[in-house]
Structures are given as C-alpha cells and as structure tokens.
1. I'd like the carbon and sulfur percentage of the solvent accessible area for the chain, probe radius 1.4 Å, heavy atoms only, ligands and nucleic acids excluded.
2. Please list, or write none, the aspartates and glutamates whose alpha carbon is within less than 16 Å of the alpha carbon of Lys122, excluding same-chain residues fewer than 8 places away.
3. When the dipole is taken about the Cα centre of the chain, and only Lys, Arg (+1) and Asp, Glu (-1) are charged at their Cβ, what size is it in debye, to the nearest 20?
4. Once both axes come from the Cα atoms, what is the angle between helix 160-180 and the longest principal axis of the chain, in degrees from 0 to 90, rounded to 10?
5. Measure out, as a whole number of angstrom, how far apart the alpha-carbon centroids of the stretch 1-59 and the stretch 150-201 sit.
6. Over the alpha-carbon set of the stretch 213-367, divide Rg by the Kirkwood Rh and report the Rg/Rh ratio to two decimals.
7. Dividing the Cα convex hull volume of the stretch 180-224 by residue count, how many Å³ per residue is that?
8. Report, ordered by chain and residue number, the lysines lying within cross-link reach of Lys190, taken as a straight Cα distance under 21 Å and ignoring same-chain residues fewer than 8 apart.
Amino acid sequence: EKGGYDHFMLKEIFEQPQTIFDSLRGRLDAEQQTITLSGVDKIKDKLIAANRIIIVACGTSWHAGLLAEYVIEELCRINVEVEYASEFRYRNPIITDKDVIIAISQSGETADTLVAIENAKKQGATIFGLVNVVGSSIARLSDAGAYTHAGPEIGVASTKAFTAQLALLYLIALKVGLEKQTIDSTLFNKLLGDLAKVPQYVHEILEEQDSVIKEIADKYSDARDFLYLGRGYNFPIALEGALKLKEISYIHAEGYPAAEMKHGPIALVDEQLPVVFVATKDNYHEKIVSNIQEIKARKGRVIAVVSQGDNVAASLADDVMVVPQVHEIIAPILSVIPLQLLSYYIGINRGLDVDKPRNLAKSVTVE
Ligand code: M6R
C-alpha cells in the first residue's frame with residue numbers, strides 16, 4: 001500500500017506531480033486560457049462584491065491560506081484576512097453578509113475550523129469550502145466549494161494536500177481576478193501557463209534534488225534548532241518548512257519573514273544554527289540576498305532554495321536546493337517540495353516514525 005516507498009510521507013511527496021495535476025485537471029485549460037470551477041461560479045456575484053474574504057484554517061492549511069492572502073489581494077484586489085480557526089471562533093469577530101469565508105481543510109473535520117464557519121454562517125457570511133475529503137463535515141456545511149483531489153493523505157504531516165490546496169487557490173484567484181478585471185491578460189496567461197507546467201516541474205525537482213537533499217539532511221540532522229526565512233510569496237513557505245521539520249524531526253524550528261530577523265531572531269545566529277532561506281527569484285530578490293549575507297557574516301550555516309541559474313544566491317549558501325524558475329506568484333508551490341524532503345530525511349536520520357509523529361493526530365476533531 002506504500003507503493004514501494006518506505007513511508008507514506010515519502011510516497012505522498014512523490015505523488016505530487018500527479019496530485020497537483022489532478023487538482024488542475026478539468027479546471028485549467030492552458031490552450032483555451034480558461035478556468036472552470038463550478039463552485040466559484042455558484043457564488044461569483046458574492047465573491048466579486050465581497051467586502052472582504054476571510055480565510056479560516058489551522059496548521060498547514062493555514063499556511064496555504066496565508067499565501068492565498070498575498071495572491072488574492074494582488075490579483076483580485078479584494079481585502080483578505082487569514083485567521084487561525086481556534087482564535088477566530090472565540091473572539092466575536094465582526095462578520096456581515098458581504099463577507100465570504102474560505103475554509104481550508106484537508107480532512108474537512110477539524111473541529112475549530114468547523115465551528116468557526118458554523119458561527120460565521122449564522123451571521124450571514126457565505127462559506128466556500130476548500131477540502132480534500134469528499135463528503136466531510138466542512139464540505140457539507142459550505143454553501144459552495146471545490147475539492148482538492150489529492151487522494152487520501154495518510155502521513156500525519158501534510159504534503160500533497162498542501163500543494164493541491166495551493167494549486168486550487170491559484171485557480172480561484174486567477175478566475176476571480178479575470179472576472180473582476182483586476183488582472184491583465186498577459187499576466188493571466190503567464191500564470192496559467194506556469195501553473196499548467198507545475199506537475200512537470202515538481203517531477204523534475206523530485207528527480208534531480210532527492211539525492212542532493214538526502215546529503216544535505218545528513219549534514220544537518222544533529223542540529224538543535226533551525227531558522228526558516230522567506231519574504232513575500234515565499235514567507236508562508238518558510239512557515240510551512242519550519243512546521244514540517246518540527247513535526248517530523250522534533251527539532252525546534254522557527255519560520256520568520258526574512259526582514260524581521262533583525263528585530264530579534266538574528267540574536268540566535270552562530271556557527272551552530274542552520275538557516276534555511278526560501279530564496280527563489282522575485283521582484284526584490286536582492287533583498288533576500290542581503291539577508292543571506294547578514295547570516296553568513298555571523299557565521300550561520302545557510303541552506304537555500306534557489307531558482308535554477310541563480311548563481312548569486314547559490315554562491316553565498318553552504319548548501320543549495322534548486323527549483324525551476326517560474327513567476328514569483330507560482331514559485332512557492334515549487335519551493336515547498338525540497339523542504340518536505342529535507343524534513344523527511346532528517347526525521348529518518350533521527351530514527352523517528354515520520355508517518356505518525358508523537359502526540360499528533362491526522363485530524364484534530366477536539367478543540
Ligand atoms: O485537516 P486540516 O487541514 O483541517 O488540518 C489542519 C491541521 O491540523 C494540519 O494541517 C496539521 O497542521 C498537519 N499536521 C500539518 O502537517
């Protein structure tokens with residue numbers, strides 16, 4: 001049942017070219033340059049007129065939501081807030097019938113997310129469910145929605161469900177942006193084209209980087225702490241990389257926006273501390289390059305996810321994981337893949353049960 005892989009986690013990481021493809025299939029037509037999503041059509045008027053979109057989720061799904069905030073605000077010019085479901089449900093939030101809530105959940109059974117949307121629904125908000133498990137509670141409670149189609153995810157650490165969530169969130173943002181005419185056709189076509197190629201790119205990363213990452217993991221498996229840094233669209237990926245490492249290896253890891261480093265975390269840096277930079281090419285790439293230099297100047301050990309051909313960032317880092325270069329909005333769905341593998345191999349090196357980390361449950365149905 002593990003399809004020849006040692007663990008479900010590794011199987012699910014390697015399934016991603018297929019699962020991302022499945023998430024896009026029948027929805028994205030790169031040739032016709034169209035996006036079909038009946039769930040979005042169903043609440044199209046609400047979405048276009050929305051006062052704001054509130055994204056409610058937990059854990060890895062919350063990280064997908066954070067990236068969606070950046071992407072939807074950029075492409076659709078709609079105000080987006082991202083909320084931890086557990087906080088949102090207890091703090092008497094201001095909700096009106098002009099709000100659209102997007103609930104993101106792999107299992108569709110996370111108690112905090114479920115109750116949060118129940119409350120919001122009572123206050124008149126429209127609920128859009130972005131769920132992996134078909135027929136789950138969150139899917140049933142939603143007014144409209146779309147399934148991620150990642151297939152059953154058995155590993156407690158979410159991998160393929162996350163990238164399927166991102167693929168679907170990109171489609172939603174592109175579709176709404178097109179309807180609202182807040183995205184020009186050149187950018188729309190570029191993003192659609194890059195997105196269509198993501199399954200192939202993920203395949204290439206897995207093929208080319210797996211053994212490289214295994215070696216990197218061997219060098220860093222004894223570390224006591226890790227820092228993960230990223231800016232802009234890659235900031236949510238820094239958070240996700242750190243969460244994955246914590247869950248799988250029990251190594252303390254923190255994710256931070258790279259520029260926040262000098263407001264505190266930089267005090268942690270010494271020759272012992274590995275700092276993972278999510279440093280793929282974007283519009284202000286030189287900023288993260290100088291953040292890498294700041295860490296090197298303090299003798300930190302730098303592992304960097306870089307775009308193919310970026311010799312500047314690569315030459316500064318002690319170790320590099322390379323991903324194909326795509327538009328900066330699409331880059332995060334690629335940058336997360338090496339980080340999943342890094343956590344997996346470090347967990348394995350430490351002799352841990354990566355499919356069932358201690359104290360964790362696959363779906364958190366208690367509050
Ligand atoms: O099923 P959900 O997506 O609602 O689950 C949310 C979190 O519990 C989940 O993402 C958790 O953080 C995972 N263990 C992450 O790997």
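The values are calculated or read from the model by the stated rules, or taken from the named source; none is laboratory data. The model shown is predicted, which means the values in this text are computed figures rather than measured ones. Glycine gets a Cβ as well: all are built from the backbone with ideal geometry, and neighbour counts include every protein chain shown. Side chains included, ligands, DNA and RNA excluded: accessible areas come from the protein's heavy atoms. Shrake-Rupley method; radii C 1.70, N 1.55, O 1.52, S 1.80 Å.
1. Working: 6970 of 14760 Å².
Of the solvent-accessible surface of the chain, carbon and sulfur hold 47 percent.
2. Asp97, Asp99, Asp112, Asp143
3. Working: 37 positive and 49 negative charges, 120 e Å.
Rounded to the nearest 20 debye, it is 580 debye.
4. 50
5. 6
6. Numbers: Rg = 14.9 Å, Rh = 15.5 Å.
Looking at the stretch 213-367, the ratio lands at 0.96.
7. Details: hull volume 5.4 nm³, N = 45.
Normalising the Cα hull of the stretch 180-224 by residue number yields 119 Å³.
8. Within reach: Lys175, Lys180, Lys281.
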